[in-house]
Amino acid sequence: PLIGSGAVVAPASAAVRGVGAFNVIQLEHAQGIVAGAEDAGLPVILQISENAVRYHGGLAPIGAAVLALAGAARVPVSVHLDHATSVDLVHESVELGFSSVMFDASALDYAENVAATAAVVEHCHAAGVWVEAELGEVGGKDGVHAPGARTEPDEAARFVAGTGVDALAVAVGSSHAMLTRDAALDFGLIAALHRAVPVPLVLHGSSGVADADLVRAVGAGMTKINIATHLNAAFTAEVRARLAEDPDLVDTRKYLGPARAAVAAEVSRLLRLLHR
Ligand code: G3H
Ligand code: ZN
């Protein structure tokens, strides 16, 4: 069934366990992620980024399908709007029935960021929707690595107090869209942020983090673990292999089906890894 993100993340945080939050681009991603979560018997967060919404020409076409999948799932599934800079899009996702949103007003100066984020929190909380924000921008959104960005613990605590957000994405050494899993996380900073910040912490760019370091990051206090590129790599490798082995293959189900199954297998493995 569809469940609030707080109901997934808060107990995990209290138990020092990680929750996988996986990005959906096509329907097959969502189906593969739900199948993987059902296989693991664990809750999962499906997230749709503002970029993915743009790709589909709007939130409803992909958002409604993902919400329907979540509702029919045999495990608890949350549906989250990821990396939203548009307040209108946040409002639309709330109306559609999303469980949570990530709102990013980091392009504004600090005081305006706090005010804009607090307004989003007020709107979302009135509808029972959980809000994540980001402080200390995680680099590499357009494939450019900026692993040097760091979130400062005292500033993070002030930001959470000033905005009322339910979770905070922090910059601790990971970087978006890495194809190699060799990011060097700052585990001391994760522990310091965990001590300073009273809400669950979110790790972005987790595709670049090796299995053992994901486990260590959860142990140090990270709870929501965002993974996108790594699943795309698994999906696309399967598509590439199927097309390469049969030049006459034209039925899209014959390569998207195996790609979806590859996503399911990797999601099941990662959810178990993060939960232990
Ligand atoms: O918000 C989404 C994530 O931060 C995904 O990043 O593609 O590097 O795993 P990634
Ligand atoms: Zn991210």
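The values are calculated or read from the model by the stated rules, or taken from the named source; none is laboratory data. Predicted model only: the values in this text are computed from it and were never measured. Note that each Cβ is placed from the backbone with ideal geometry, even for glycine, and that neighbours are counted across all protein chains shown.
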Worksheet item: Can you tell me which residue in segment 230-276 is farthest from L42 (Cα to Cα), limited to those that are in contact (Cβ under 8 Å) with a residue 40 or more places away in the chain and of a type in the set (S, T, N, Q)?
Response: N232
Discussion item. Looking at segment 201-232 only, could you name the residues that are within 16 Å of ligand 2 (Cβ to nearest atom), under 18 Å from L271 (Cβ atoms) and in a helix (DSSP H, G or I)?
Written reply: S206, S207, L214, A217, T229, H230, L231, N232
Worksheet item: Taking V75, is it in a loop (DSSP other than H, G, I, E, B) and under 18 Å from I227 (Cβ atoms)?
Response: yes
Discussion item. Can you tell me how many residues within segment 191-200 are among the hydrophobic types (A, V, I, L, M, F, W, C), surrounded by fewer than 23 Cβ atoms within 10 Å (Cβ to Cβ) and touching a Gly at 6+ places or on another chain (Cβ under 8 Å)?
Written reply: 1
Worksheet item: Can you tell me how many residues in segment 111-144 are farther than 21 Å from K224 by Cα and modelled with pLDDT under 90?
Response: 3
Worksheet item: more than 15 Å from ligand 2 (Cβ to nearest atom), free of Cβ contacts under 8 Å to residues at least 60 places away in the same chain and under 27 Å from A7 (Cβ atoms): does that describe P198?
Response: yes
Item to complete: Look at segment 45-59 and say how many of its residues are under 17 Å from V94 (Cα atoms) and either in a loop (DSSP other than H, G, I, E, B) or free of Cβ contacts under 8 Å to residues at least 24 places away in the same chain (or both).
Response: 1
Item to complete: From (1) within 16 Å of ligand 2 (Cβ to nearest atom); (2) touching a helix residue (DSSP H, G or I) at 6+ places or on another chain (Cβ under 8 Å); (3) among the hydrophobic types (A, V, I, L, M, F, W, C); (4) farther than 21 Å from I45 by Cβ, pick out the condition that doesn't hold for A149.
Response: (2)
Practice prompt. Using the structure shown, decide if T252 is surrounded by fewer than 17 Cβ atoms within 10 Å (Cβ to Cβ), of a type in the set (S, T, Y) and within 13 Å of ligand 1 (Cβ to nearest atom).
Written response: no
Worksheet item: Name the residues in segment 79-93 that are acidic (D, E) and closer than 17 Å to L168 by Cβ, would you?
Response: D82
Item to complete: Give the residues of segment 231-257 that are farther than 28 Å from R181 by Cα and in contact with a Leu (Cβ under 8 Å, 6 or more places away or on another chain), sorted by residue number.
Response: L249
Worksheet item: So A105 clears everything in (1) within 15 Å of ligand 1 (Cβ to nearest atom); (2) closer than 25 Å to I62 by Cα; (3) modelled with pLDDT under 95; (4) of a type in the set (G, A, S) except one condition, right? Which one?
Response: (1)
Worksheet entry | Subset of segment 7-28 (residues that are over 14 Å from H80 (Cβ atoms) and part of a helix (DSSP H, G or I)) | A10, P11, A12, S13, A14, L27, E28
Fill in: Any hit, segment 194-203, residues being more than 28 Å from L89 (Cβ to Cβ) and either within 16 Å of ligand 1 (Cβ to nearest atom) or of a type in the set (D, E) (or both)
no
Worksheet entry | Scope segment 63-99; condition of a type in the set (S, T, Y) and farther than 19 Å from G41 by Cα; matching residues | T85, S86, S93, S99
